[in-house]
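J.: I have a structure I would like to understand better, so I am pasting it below and will then ask my questions one at a time.
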Amino acid sequence: MAKKEQLEAFGKLLDIMDELRVKCPWDRKQTLESLRKLTIEETYELGDAIIERDMAEIKKELGDILLHIVFYAKIGDEMEAFDIEDVINSLNEKLIYRHPHVFGDVSVADASEVEENWEALKLKEKGRKKKVLEGVPASLPALIKANRIQEKVRGVGFDWEEREQVWDKVKEELSEVEHEMRANDQAKLEQEFGDLLFSLVNAARLYDIDPETALERTNRKFIRRFNYLEEKTLGNGRSLHDMSLEEMDHYWEEAKKLDKK
């Protein structure tokens, strides 16, 4: 019964989209290109809601992204390129093909082996030899891209034998950063700093930590604590510019204690 109601709700969404495309001037003028930046914005808003674990907001943002999917499919239908049925059928076929341990007779030991099989099957698709890193979007933010690169090469076995080994690499990269700092070579320092960040992303992955999420939580924690510091300072009729670092640190420590409550 629930699935029937879900299908009816999806059908109603398709009907609404058809009507909007005909009767609404804004919806009528949209193109694949004009929607692109809005889709990116909606994706980030969903990411924010997930970080906050705001279920009501997650539901809302998922709806916005679903609207975009239906919108793109509608435009594709008008261009006689594809429609929503093609989109769904393509997805269904891919899911079945890439899950032979569910829909076939392949056996897997764990989730890691599923990921390895997934990447191997991707390389065989489209009837041509695909490169391992071909599917990593060039426009991804650098931190997310580094993580995806490492996940993909892991899928073909290019990874540490033991995760503890990564810490020697982190220490090596940190040592090289320190060397270039002393040498005062800005170009090489930037290069080595990038290598250090890449190795830290690698370590996060090996310990099942999403580096983007971890850094964003730290960003928000810093903002929360600094806002507390600023509010306390202004509340006492003072300016941050007039305070010593020691005085600022006093409120910073107070904010840290409040975080732990």
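The values are calculated or read from the model by the stated rules, or taken from the named source; none is laboratory data. Quick caveat: nothing in here was measured; it's all calculated off a predicted structure. Positions of Cβ are generated from backbone atoms using ideal geometry, with glycine treated the same way; all protein chains shown enter the neighbour counts. Ligands, DNA and RNA are excluded from the accessible area calculation, which covers all protein heavy atoms including side chains. Shrake-Rupley method; radii C 1.70, N 1.55, O 1.52, S 1.80 Å.
J.: What is the one condition in (1) touching a residue at least 24 places away in the same chain (Cβ under 8 Å); (2) at positive phi that Arg53 does not satisfy?
T.: (1)
J.: Oh, and also: Among the residues of region 95-124, what is the count of those that are farther than 16 Å from Phe158 by Cα and touching a residue at least 24 places away in the same chain (Cβ under 8 Å)?
T.: 4
J.: So, one more: Confirm whether Lys60 is within 22 Å of Ile16 (Cβ to Cβ) and open to solvent by 70 Å² or more (accessible area, probe 1.4 Å).
T.: yes
J.: Condition first: touching a residue at least 24 places away in the same chain (Cβ under 8 Å), open to solvent by 60 Å² or more (accessible area, probe 1.4 Å) and either assigned to a loop (DSSP other than H, G, I, E, B) or within 30 Å of His250 (Cβ to Cβ) (or both). Now tell me which residues in region 174-219 satisfy that.
T.: Tyr207, Asp210, Leu215, Arg217
J.: Counting only residues that are part of a loop (DSSP other than H, G, I, E, B) and closer than 12 Å to Glu119 by Cα, which one in region 139-157 is least open to solvent (accessible area, probe 1.4 Å)?
T.: Gly155
J.: Among the residues of region 1-17, which ones are out of contact with any Lys or Arg (no Cβ under 7 Å at 6 or more places or on another chain) and closer than 18 Å to Glu78 by Cβ?
T.: Residues satisfying the conditions are Leu13, Leu14, Asp15, Ile16.
J.: State which residue is least open to solvent (accessible area, probe 1.4 Å) when the search covers only region 158-173 and only residues that are more than 16 Å from Pro211 (Cβ to Cβ) and aromatic (Phe, Trp, Tyr).
T.: Restricting to residues being more than 16 Å from Pro211 (Cβ to Cβ) and aromatic (Phe, Trp, Tyr), the top hit is Trp160.
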